[in-house]
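Working notes, beginning with the structure itself.
The values are calculated or read from the model by the stated rules, or taken from the named source; none is laboratory data. Please read all numbers here as calculations on a predicted model, not as lab measurements. Reconstructed Cβ throughout: ideal geometry from the backbone, glycine too, with neighbour counts over all protein chains shown.
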Amino acid sequence: MHLVTSAADQCGVLYTDTYLSVRWSPADSSVIIDGEVDVSNSEALASALAAARKARGEIVIDTGDLRFIDLAGLRALLAPASFVTHDDVRLRNVPPYLLRLLRMLDY
C-alpha cells in the first residue's frame, strides 16, 4: 500500500495497492480510479480524493477503469460531496453498473 500525501507528489500516483490505483491527471485536473474498491481500500481512496481536492479544488473523478465497488467504496467515492455547501462530485466515464447503482440511489 502506498498513499502519497504531499501536494508536490500529487502529479501522478495518489494511492496504489494490489487492487486499486488512484492517479492525478494534471492535463485535465482529474483523478483516475483504476481497479477495485472495497472495504480494504475505501479509506485510502477517501483520503486520496480529499487530498486531491484540498490541493486542487474542484476535481473530476474518472471511473472508466473502475471494475468493482462495494458500499464502503461508494461512500468513499461520494464523500467529497457536501449537501451543506452544495459541493458536487463530478464523475466521468461512469461504467454502466455504477451508473445503474447511482440511479437506484437517486444520485
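Numbers below:
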item: Residue among Asp106, Asp65, Asp38 that alone is of a type in the set (D, E, K, R) and under 16 Å from Val13 (Cβ atoms); result: Asp65
item: Long-range neighbours under 8 Å by Cβ, at least six apart or interchain, first residue within 15 Å of Glu58 (Cα to Cα) and of a type in the set (A, V, I, L, M) within the range 19-33, second in a loop (DSSP other than H, G, I, E, B) and at pLDDT below 95; result: Val31/Ile59
item: Selection from the range 32-55 of residues that are over 18 Å from Tyr107 (Cβ atoms) and in contact with a strand residue (DSSP E or B) (Cβ under 8 Å, 6 or more places away or on another chain); result: Ile32, Asp34, Gly35, Glu36, Asp38, Asn41, Ala44, Ser47, Ala48, Ala51, Ala52
item: Residue within the range 94-105 that is surrounded by fewer than 19 Cβ atoms within 10 Å (Cβ to Cβ), at pLDDT 90 or above and part of a loop (DSSP other than H, G, I, E, B) present; result: yes
item: So Arg67, is it more than 23 Å from Leu105 (Cα to Cα), part of a strand (DSSP E or B) and either out of contact with any His (no Cβ under 6 Å at 6 or more places or on another chain) or at pLDDT below 95 (or both); result: no
item: Residues (modelled with pLDDT of 85 or more, of a type outside the set (D, E, K, R) and out of contact with any helix residue (DSSP H, G or I) (no Cβ under 6 Å at 6 or more places or on another chain)) located in the range 70-93; result: Leu71, Leu74, Leu77, Leu78, Leu91, Asn93
item: Condition check for Leu45: under 20 Å from Asn93 (Cα atoms), buried (at least 20 other Cβ atoms within 10 Å of the Cβ) and at pLDDT below 95; result: no
